[in-house]
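Since every read-out is calculated from the coordinates, none of them should be taken as a lab result. Computed from a predicted structure; not experimentally measured. All Cβ positions, even for glycine, are placed from backbone atoms using ideal geometry, and neighbour counts span all protein chains on display.
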Amino acid sequence: MFSGVAAGWLIARLHRQNPKAMVLAYVAYFAGIQILRMVLELVTDPFRYYPFASYIAFILMMTVGILLGGGFFTNRRDESGSTMTVLSR
């Protein structure tokens, strides 16, 4: 979980213009690769026992960790502490 939080934080810090979009893109990539890996293991050897519950728990914990580390559930604030708004002209 710590590595997920660290990865989310790093992605958000490197992409300051659109941190939430980049963190969400990384979460989608990470979850997609892990689900594909799980499906490929099932297809290649369907009679072998796989701990699917632990795979799913790993994917969920890492996804939540990445989102938390990237500040996905927070509001973006300016220096004065007020919530930033974007006005269209």
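Annotation: of all residues in segment 16-36 being surrounded by 13 or more Cβ atoms within 10 Å (Cβ to Cβ) and farther than 16 Å from Thr74 by Cα, the one that is farthest from the chain's Cα centre (by Cα) is Ile35.
For segment 37-69, give me each residue that is surrounded by fewer than 17 Cβ atoms within 10 Å (Cβ to Cβ), in a helix (DSSP H, G or I) and not aliphatic (A, V, I, L, M).
At the first step, the residues of segment 37-69 found to be surrounded by fewer than 17 Cβ atoms within 10 Å (Cβ to Cβ) are 37-58, 60-61.
Those left that are additionally in a helix (DSSP H, G or I): 37-44, 52-58, 60-61.
Passing the criteria: Arg37, Glu41, Thr44, Phe52, Ser54, Tyr55, Phe58.
Pairing residues of segment 41-59 that are closer than 24 Å to Ser3 by Cα with residues that are surrounded by 11 or more Cβ atoms within 10 Å (Cβ to Cβ) and polar (S, T, N, Q), at Cβ distances under 7 Å and at least 6 apart in sequence or on separate chains, gives Ile59/Gln34.
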